[in-house]
Amino acid sequence: MSIFQRPFRSVLYTPGSNARALEKAREVAADALIFDLEDAVTPDEKDGARDLLGRVLAEAGYGARYRIVRMNGFDTDWGRRDALTFAANPGVDALLVPKVSGPADLDAVAALAPAKPLWAMLETAQGCLNAAAIAAHPGLEGLVIGTNDLARELGARDRADRLALQPALGLCLLAARAAGRVIVDGVHNAFRDQAGLQAEAEQGRDLGFDGKTLIHPMQVHTVNAIFAPSAAELDLARRQIEAFAAAQKQGKGVAVLDGRIVENLHIVTARQTLARADAIAAMNPQEA
């Protein structure tokens, strides 16, 4: 499945040092997993976590889930060893580089792991301002927004509407779409707050994100539902395609459906909606 056909509704962070969490992640219905060697691992556990994660991922067992390793940065004692360890690991689909400030950060990782697609964490003011150049990097597949670090650097207040983050979120989204990259939203920290999670996920979906990063398995179901096409959206997409096809047979360039104009651009979106639903069903037959 192409990276552009694959769903990334739910992207769950999993601590690379926690053997039990690594095992449980095999059963979680997330579209993708980020195996974290950075923030979730203490300095004295870094080397052991790298070894453990390398063994676990080499054994596979994660089904169709996309497997991303968040490595440590090259400004630490562990980053280069992380890149070298997972450069050829068959159980790793991509490497996530933290705190990317510019394309040079990706160049450094690509030099050590040239065969692995890269993802970039945009979690600093400089990184967000350089989002277009980062997104254009030839080795990049996707972008992950690190809202916690970004909010801290901005000195932003914690608000449910994430008002202070809107300029950065929009800038990163523009960069991702201009370069044709996947982009997933940051985490909702209160993992038991389902209402807050739902509101934040709906905001991210409406802004244009492909999905959302998560910190707990109990968040997966809610986010999967929000970022999947609804029954009403699928019905509308099918009816738009039918109406437009009928109009074309009559020599017309537009159709009218439910009192609204339907043009070719709507058909492109409708087909993308149906394709997204098909991709979710292919990856998660239980949701079909």
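None of the figures in this text is laboratory data; all of them are computed from the coordinates on show. Since the model is a prediction, treat every value here as computed from it, not as a measurement. Positions of Cβ are generated from backbone atoms using ideal geometry, with glycine treated the same way; all protein chains shown enter the neighbour counts.
Which one, 4, 203, 172, projects farthest toward the positive side of the charge dipole computed for the chain from Cβ point charges (K/R +1, D/E -1)?
The Cα lying farthest towards the positive end belongs to 4.
Taking 8 Å as the Cα distance limit and 6 or more residues as the minimum spacing, I'd like the relative contact order of region 231-287 as a percentage.
Values: 47 pairs, mean separation 20.1, N = 57.
Reported relative contact order: 35 percent.
Can you give me the angle between helix 231-249 and the longest principal axis of the chain, using Cα atoms only, in degrees from 0 to 90, rounded to the nearest 10?
50 degrees
State the answer as a single residue: which of 130, 142, 90 lies farthest towards the positive end of the charge dipole of region 20-152, with beta carbon charges of +1 for Lys and Arg and -1 for Asp and Glu, about the Cα centre.
The residue sitting farthest along the positive end of the dipole is 90.
Mind running the shape call on region 231-287? Use the C-alpha gyration tensor, a ≥ b ≥ c as the square roots of the eigenvalues: rounded below 1.5 for a/c, prolate if a/b tops b/c, oblate otherwise. Walk me through the numbers before you get to the answer.
Values: a/c = 3.12, a/b = 2.46, b/c = 1.27.
Note, shape of region 231-287 comes out prolate.
May I ask you to derive the FRET efficiency for residue 163 and residue 264 from their Cβ-Cβ distance with R0 = 30 Å, giving the value to the nearest 0.05?
Working: r = 36 Å, r/R0 = 1.20.
That gives a FRET efficiency of 0.25.
In whole angstrom, note down how far apart the Cα centers of region 110-140 and region 247-288 are.
32 Å
If you put +1 on each Lys and Arg Cβ and -1 on each Asp and Glu Cβ, how big is the dipole of the chain around its Cα centre, in Debye rounded to 20? Please report the intermediate quantities before stating the final value.
Values: 31 positive and 36 negative charges, 151 e Å.
Its charge dipole is roughly 720 debye.
If I model a spin label at residue 282 and residue 108 as a point 7 Å from the Cα along the Cα→Cβ vector, what separation in nanometres do I get?
Distance between label points: 3.7 nm.
Taking only Cα atoms and a 10 Å spring cutoff, compute GNM fluctuations for the chain and point out the largest among 21, 247, 87.
Taking springs between Cα atoms under 10 Å, the residue moving most is 247.
Tell me the angle of helix 194-207 to the major Cα principal axis of the chain, expressed in degrees between 0 and 90 and rounded to the nearest ten.
Computed tilt is about 70 degrees.
Say a site is exposed when it is one of the trypsin sites (Lys or Arg not before Pro), sits in a DSSP loop, and has at most 11 other Cβ atoms within 10 Å; what is then the longest site-free stretch of the chain?
Details: sites that count: 157, 159, 192, 252.
The segment 1-156 is the longest one with no such site.
Arrange the following residues from fewest to most other Cβ atoms within 10 Å of their Cβ: 128, 172.
Values: 128 24, 172 27.
Sorted ascending by nearby Cβ count, the order is 128, 172.
Counting each DSSP H run of 4 or more residues in the chain as -39500 (n - 2.57), what helix-only mean residue ellipticity at 222 nm follows after dividing by all residues, to the nearest 500 deg cm²/dmol? Write out the running numbers ahead of the final one.
Values: 12 runs with 130 residues, N = 288.
Helix contribution divided over all residues of the chain: -13500 deg cm²/dmol.
So what's the angle, to the nearest 10 degrees on a 0 to 90 scale, between helix 264-283 and the longest Cα principal axis of the chain?
Value to nearest ten degrees: 50.
Which one, (i) 18.9, 60; (ii) 19.9, 71; (iii) 23.7, 73, gives Rg and Dmax of the Cα atoms in Å as derived from the coordinates shown?
Correct label is (ii).
Can you sort 230, 101, 10 from fewest to most other Cβ atoms within 10 Å of each residue's own Cβ? Mind dumping the intermediate values first?
Details: 230 12, 101 18, 10 29.
Fewest-to-most Cβ neighbours within 10 Å comes out as 230, 101, 10.
Please build a GNM for the chain, connecting alpha carbons under 10 Å apart, and tell me which residue among 16, 170, 155 fluctuates the most.
155
Considering only 59, 141, 242, give the residue with the highest GNM mean-square fluctuation for the chain, with springs between Cα atoms whenever their separation is below 10 Å.
Result: 242 has the largest fluctuation of those listed.
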